[in-house]
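The values are calculated or read from the model by the stated rules, or taken from the named source; none is laboratory data. For clarity, every value in this text was computed on a predicted model and none was experimentally measured. Positions of Cβ are backbone-derived with ideal geometry, glycine not excepted, and every protein chain shown enters the neighbour counts.
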Amino acid sequence: MSHRDPFFCIVPSYMLENIMENGTSEQRQYAMNNLAHSVAVRERRAARPTAVPATAVGRTASMPSKNRIIYSAAEQNILPGQQVRSEGEPPTGDLSVDEAYAGAGATYDLFEQVYDHISVDGHGLRLDSTVHYRVGYDNAFWNGRQMVYGDGDEDLPEGQRLFNRFTVALDIIGHELVHGVTQFSAGLVYEGQAGALNEAFSDIFGSLVKQWKLGQTAVEADWLIGAELLTKNVNGEALRSLKAPGTAYDDRVLGKDPQPAHMDQYIVTTDDHGGVHVNSGIPNHAFYVAAIKMGGSAWEKAGRIWYTVLQSKLGTRATFQDAADATHQAAADLYGTNSLEQEAVYNGWTAVGITPAPTIPVTPPPPLPSENTAMGCRPTLKSLLFLLR
């Protein structure tokens with residue numbers, strides 16, 4: 001199976017497996033159906049070449065710079081479905097449609113206005129999204145070409161519902177679209193530490209989309225992914241926490257959040273593509289610590305450092321150490337060696353048990369020649385001694 005362009009789901013398989021083990025018969029059936037669907041989609045995707053969005057949906061001179069189309073699958077297993085809203089059209093009144101439209105727009109706006117990055121590919125790729133996918137679909141995913149959202153388990157009895165509709169959380173929309181940004185930049189393979197970094201970049205920038213939209217500073221933000229997704233039946237705040245990995249939920253059906261926050265608790269496993277959704281807690285927390293130490297708005301300096309690294313400084317099989325070294329160097333390149341920003345990055349990675357390599361000092365430009373030097377009138381030692389006589 002290819003790990004280069006897989007099926008990027010927001011809800012990991014281990015959470016669905018916990019539902020199958022601990023849930024009611026109805027909950028178990030939903031989880032079983034969703035897991036079976038994920039396996040079928042992965043097998044279909046592995047059987048064809050790596051999916052790259054067709055150039056036909058890229059921006060042309062006649063298209064607006066922001067170009068969103070929302071489709072409805074009408075609870076069928078059909079993509080993209082029937083078009084229900086396109087760029088510039090008014091709200092439809094369908095919450096899923098309008099949330100998908102707004103969330104894609106907010107993600108686009110952050111990357112364009114803050115990082116001068118146009119759409120997920122950097123060149124104005126059209127943002128397609130499908131809502132109302134299947135019946136009782138407890139997930140959302142980026143499939144290499146578009147976004148897809150389920151409605152959660154809304155058909156279950158009220159007391160058994162675990163998930164709301166998947167367009168309800170802006171950071172989930174941002175998370176999944178950033179898988180597209182990674183696909184077109186670092187291209188991190190979805191396996192082991194590279195896959196965990198892939199997930200971490202999505203969590204980080206998904207959180208930044210929400211913070212930017214709400215105008216929150218790093219201190220004000222909740223640093224949760226999917227805070228609105230879990231229903232009141234679940235003992236938990238969200239799917240993941242960058243501030244405190246491993247504490248997002250502890251529920252009798254969903255289980256306990258397994259994310260580690262330090263390399264001492266790194267999980268070695270063959271499940272979940274080598275633990276991409278669990279071990280991402282480590283680089284997630286490194287970013288959180290760095291952003292808090294920098295202060296202000298996290299999307300500005302901390303986000304700029306991580307964006308720079310995502311675009312040009314990581315190999316496809318990068319490790320956590322590679323990311324630590326690259327962000328440490330990028331902080332020096334952008335803000336200066338031993339700057340507050342570089343020290344914050346260093347502190348972020350050491351807080352999770354990783355020490356960044358020393359950086360290459362940034363050489364300042366040579367000083368401009370003085371007027372006397374430019375005229376060939378630099379005083380000599382002989383002339384200075386004469387003046388002192």
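Things worth noting here:
- Breaking point among (1) at pLDDT below 95; (2) in contact with a Gly (Cβ under 6 Å, 6 or more places away or on another chain), for residue 10: (2)
- The residue that is surrounded by the fewest Cβ atoms within 10 Å (Cβ to Cβ), among those in region 75-121 that are within 16 Å of the chain's Cα centre (by Cα) and among the small types (Gly, Ala, Ser), is 105.
- Some residue of region 15-37 being assigned to a helix (DSSP H, G or I), at pLDDT 75 or above and of a type in the set (Lys, Arg): yes
- If you filter region 219-241 down to residues that are among the aliphatic types (A, V, I, L, M) and part of a loop (DSSP other than H, G, I, E, B), you find that the one that is surrounded by the fewest Cβ atoms within 10 Å (Cβ to Cβ) is 219.
- Taken together, 185, 202, 207 contain a single residue that is polar (S, T, N, Q), surrounded by fewer than 24 Cβ atoms within 10 Å (Cβ to Cβ) and either under 20 Å from residue 326 (Cα atoms) or touching an Asp or Glu at 6+ places or on another chain (Cβ under 8 Å) (or both), which is 185.
- Residue in region 242-262 that is outside any loop (DSSP other than H, G, I, E, B), of a type in the set (D, E, K, R) and either closer than 30 Å to residue 295 by Cβ or touching a residue at least 60 places away in the same chain (Cβ under 8 Å) (or both) present: no
- For the criterion of being modelled with pLDDT of 60 or more, more than 30 Å from residue 160 (Cα to Cα) and surrounded by fewer than 18 Cβ atoms within 10 Å (Cβ to Cβ), residue 49 fails.
- Failed condition for residue 194, given (1) part of a strand (DSSP E or B); (2) touching a Lys or Arg at 6+ places or on another chain (Cβ under 6 Å); (3) hydrophobic (A, V, I, L, M, F, W, C): (1)
- Filter result for residue 59 (modelled with pLDDT under 95, assigned to a helix (DSSP H, G or I) and more than 23 Å from residue 167 (Cα to Cα)): no
- Cβ pairs under 6 Å, 6+ apart, first in region 337-364 and farther than 16 Å from residue 296 by Cβ and crowded, with 16+ Cβ neighbours inside 10 Å, second of a type in the set (Val, Ile, Thr) and at pLDDT 95 or above: 351/289; 352/282
- Yes/no for residue 159 being over 26 Å from residue 292 (Cβ atoms) and in a helix (DSSP H, G or I): yes
- Selected residue [at negative phi and within 14 Å of the chain's Cα centre (by Cα)] from 184, 163: 184
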